Structures are given as structure tokens and as C-alpha cells.
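Here is the structure we will look at, set down as C-alpha cells.
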Amino acid sequence: MSNINSQSTHNSKVMDPETGNTFKYQLLDLPWEDVLVTHVLCYLPLRHLATLQRVSKQFRSLIQVYLANCRNFDLSQVGPHISKEAFCSMLSDNKVLQNLSVQNCSAWITDKELLPVIGQNPHLQRVDMRGCSSLSRHSLVAVSLSCLRLQHLSLAHCEWVDSLSLRSLADHCGGGLRSVDLTACRQLKDEAICYLARRCPALRSLSVAVNANVTDEAVDEVAKSCRELEELDLTGCLRVRNEAIRTVAEYCPKLRSLKVNHCHNVTESSLGLLRKRDVEIDVEPPLQRALVLLQDVVGFAPFINLQI
């Protein structure tokens, strides 16, 4: 902190060539919005801006001007120790956010802190609420009603997400959504996921991982409704079977990545169709797995050609 203080009070001397008079300038004498906000503060990590606020009242005012105009706010840059009061203060004047990540606030953030931010930022395109277990369905409904330009949403490990709030999201934001992460949203069943798929035909990425409620019915609807799908995560969906994977192979020509680890009813008979198209799959072919096991357990690796 002493370094910042000494730098903030450092004077630059400039001589007027006509009069010979010497003038002293400080950093904060530069135009705030035209120079400092636009060409200096935009290159500083958020954690440095948070520290800079504590230098002086002038710096606090400068940082508030910057925060009121910033498009991206990612609390993963600050660390887990930011207080709810600091969060509310930093975003109190911002109405132009496009990207918001609050996953690092999972220990304390509730609807009370988040709803005002969502309500005054209708231009949000990306919202990350991963692991925010103290939020409620009201936060998702607020996002769906306020953020009609939303494209990317992460709700991983938000077990409060229910079918009604997801339907609200699909009804109001469905046409623009490109990626949705519903990992471990265990209240959701096939009906809710099918509704989302039908309302979001432009989806490129979807995760319904770690949800034992998901069956072939939901995967079939996703495949048939979301023909632009490039990434699908079914990790741990124990009730998904080969039939659904074949439907994905048939209806999703742009698929690049499929995750089916711990899907015990999905076998090579369906995955092989996607491997032929060079789709990246997180489960190795049976022969490859067997040879790697031999390598690890028996030590035959020097004598086995794993490319056979």
C-alpha cells in the first residue's frame, strides 16, 4: 500500500516554454473518463482496482467512475474474501454490464445482493452463477425477465433451479441462448429439459451432467430440437442408453464433444458412430482401455503397439 500511496502523490513537473513557469501535475490531474478510465484502468485486474479504492477518496471516486462503465465484472479475479458490502458498492452505479461472474461469491451471495444488479443491467449476455447455493429460483427468474440478450448461462451445482424457473428462462431468453450449464441441477427432470430444448434451437453447448433424472427422452428431444449442438455433457446420467446416443449421432451433425463418463448403459456400439466423425469423447474405446490397463498393471507397455 505504501508503494501505491507514494506513486499516487508523485508530481510530474512540466515547464511552459513561453513563460518559463513550472507546473506540477499528479496522475489524477489527467482527464478521468477520456484517459484514465479508457486507457489505464481497463488494463488493471479487478483485484488491483479494489485495492486502489482504498488509497484515497479521489481514487475511490475514480474507481467508481470506471466500475460504473465497465462491461465485464468477474469476481474470480478478486479472490474469495470480498465482502457483500464491497460487491454491492462496486456495482451500485453500473447499468451497462455484459458479462457477470459471481461464482467466487458462493459463500455469501443471496438474492438480496444479486437481484438489484440483475435488474439494472438488461444488456447482460453472459452470467455465471456456478456453485451459488444460497441463491434461489427468484434470481433465475430475474435473469430471464431482465436479460433478454442472454447468450451464456452457467448454473452448475445450483440445486435450487427448478422446472418453473427454467421454463421462464426458456420462454424469455430461449431464442438467443447459445450455452447452458445445468450440471448437478438435480431438481430438473426430463420434462423441463425437453421444454428448454424446444425453446432454444440455437444452443451450441449444453450440460445436464450429474443428474440421475435425465433419461433417453430428454436426450432425444435435445438432439432433435438443437441441430446446432456442438458440445453435450451427459457425465453421470446413469439412465441414458445407447438409443439416445444414436439419436444424437443422427440429428447433431455439428457435434464436436460428447461426455458420457459414468454412463454405464452407453457402450461402444453407439459411441463408435461418433468416433468415425472425429467427435471428441471422454471415454476411450474398449481395446484402448484394456491395453492401458495392461500397461499400468502388468508392465507390458514396451511390447504392445497401442495403435493396433
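The values are calculated or read from the model by the stated rules, or taken from the named source; none is laboratory data. Note that the structure is predicted; figures quoted are calculated from it, not measured. With ideal geometry, Cβ positions are generated from the backbone for all residues, glycine too; neighbour counts draw on all protein chains shown. Note: areas computed on protein heavy atoms with side chains; ligands, DNA, RNA excluded. Shrake-Rupley method; radii C 1.70, N 1.55, O 1.52, S 1.80 Å.
Summary of values
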read-out	value
Pick from the range 30-41, criterion in contact (Cβ under 8 Å) with a residue 12 or more places away in the chain and more than 15 Å from Gln77 (Cα to Cα), ranking: least open to solvent (accessible area, probe 1.4 Å)	Leu36
Val279 being open to solvent by less than 40 Å² (accessible area, probe 1.4 Å), more than 19 Å from Gly175 (Cβ to Cβ) and at pLDDT 95 or above	yes
Test for Arg186: is it farther than 29 Å from His123 by Cβ and in contact with a strand residue (DSSP E or B) (Cβ under 8 Å, 6 or more places away or on another chain)	no
Members of the range 42-97 found to be among the aromatic types (Phe, Trp, Tyr) and either within 18 Å of Ile109 (Cα to Cα) or outside any helix (DSSP H, G or I) (or both), listed by number	Phe73, Phe87
One residue from Cys226, Cys263 being within 24 Å of Cys194 (Cβ to Cβ), under 24 Å from the mean Cα position of the chain (by Cα) and free of Cβ contacts under 8 Å to residues at least 40 places away in the same chain	Cys226
Flag if Leu44 is crowded, with 19+ Cβ neighbours inside 10 Å and either among the hydrophobic types (A, V, I, L, M, F, W, C) or touching a Lys or Arg at 6+ places or on another chain (Cβ under 9 Å) (or both)	no
Given (1) under 23 Å from Asp162 (Cβ atoms); (2) surrounded by 15 or more Cβ atoms within 10 Å (Cβ to Cβ); (3) at pLDDT 90 or above, number of the condition Phe73 does not satisfy	(1)
Count of the range 88-127 residues which are open to solvent by 20 Å² or more (accessible area, probe 1.4 Å) and among the hydrophobic types (A, V, I, L, M, F, W, C)	5
Tabulated pairs, the range 91-103, first in contact (Cβ under 8 Å) with a residue 12 or more places away in the chain and closer than 11 Å to Cys70 by Cα, second among the aromatic types (Phe, Trp, Tyr) and open to solvent by 10 Å² or more (accessible area, probe 1.4 Å), C-beta under 6 angstrom, 6+ apart or interchain	none
Residues (within 20 Å of the chain's Cα centre (by Cα) and surrounded by 14 or more Cβ atoms within 10 Å (Cβ to Cβ)) located in the range 77-87	Gln77, Val78, Ile82, Phe87
